[in-house]
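Visitor: The following block contains the structure, expressed as structure tokens.
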Amino acid sequence: PNPGAGNFIDPKYEIVVEFSDHQPQDGDRRTVSYLRNGKPLCSFHSYHWSRSTYEEAFKQAGFKDLTWLQPVVSSEGLEKFEHGFWNEFLNTPPVFGLTASRE
């Protein structure tokens, strides 16, 4: 999950990420729901962890060179949808990737 993202509610991407009404703190639970054709497909809970918490956990587990990766849209995804479709998703993505190496 992207620690910098709050609620992410945009049905066109068929994913909804919801926190409570306050700024999320480490350990706060959020609900993630995936939709198909606008109807609920599945929901689950995940937990908010700050970037510093992720980075410290990776460090304690023996990883180094942690890099946060912004999502990218495949060429197929860009071709399938109109220009600008992915803007909101990419501007405040509900997820990020991470890479690291072992010490």
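The values are calculated or read from the model by the stated rules, or taken from the named source; none is laboratory data. Just so we're clear, the structure is a prediction, and the values are computed from it rather than from any experiment. Cβ placement follows ideal geometry from the backbone for every residue including glycine, while neighbour counts extend to all protein chains displayed. What goes into the accessible areas is simple: the full protein's heavy atoms, side chains included, and nothing from ligands, DNA or RNA. Shrake-Rupley method; radii C 1.70, N 1.55, O 1.52, S 1.80 Å.
Visitor: Can you name the residue in region 21-55 that is open to solvent by less than 60 Å² (accessible area, probe 1.4 Å) and in a loop (DSSP other than H, G, I, E, B) and, of all such residues, is modelled with the lowest pLDDT?
Guide: Taking the candidates together, the pick is 24.
Visitor: Here are 58, 89: which of them is open to solvent by less than 70 Å² (accessible area, probe 1.4 Å), in contact with a strand residue (DSSP E or B) (Cβ under 9 Å, 6 or more places away or on another chain) and more than 18 Å from residue 5 (Cβ to Cβ)?
Guide: Numbers: 89 fails: more than 18 Å from residue 5 (Cβ to Cβ).
It is 58.
Visitor: For region 82-98, does any single residue satisfy the condition of being β-branched (Val, Ile, Thr), more than 18 Å from residue 10 (Cα to Cα) and out of contact with any helix residue (DSSP H, G or I) (no Cβ under 6 Å at 6 or more places or on another chain)? Spell out the reasoning first.
Guide: Residues of region 82-98 β-branched (Val, Ile, Thr): 92, 95.
With the extra rule that they be more than 18 Å from residue 10 (Cα to Cα), the set shrinks to none.
Within region 82-98 (the criterion being β-branched (Val, Ile, Thr), more than 18 Å from residue 10 (Cα to Cα) and out of contact with any helix residue (DSSP H, G or I) (no Cβ under 6 Å at 6 or more places or on another chain)), the answer is no, since none of the residues qualifies.
Visitor: For the list (1) open to solvent by less than 50 Å² (accessible area, probe 1.4 Å); (2) touching a residue at least 12 places away in the same chain (Cβ under 8 Å), I need the number of the one condition that residue 77 fails.
Guide: Exception for residue 77: condition (2).
Visitor: Given (1) within 23 Å of residue 55 (Cβ to Cβ); (2) more than 13 Å from the chain's Cα centre (by Cα), where does residue 5 come up short, assuming only one miss?
Guide: (2)
Visitor: List the residue pairs whose Cβ atoms are under 8 Å apart, where the first residue sits in region 11-38 and is aliphatic (A, V, I, L, M), the second is part of a helix (DSSP H, G or I), and the two are 6 or more positions apart or on different chains.
Guide: 35/11
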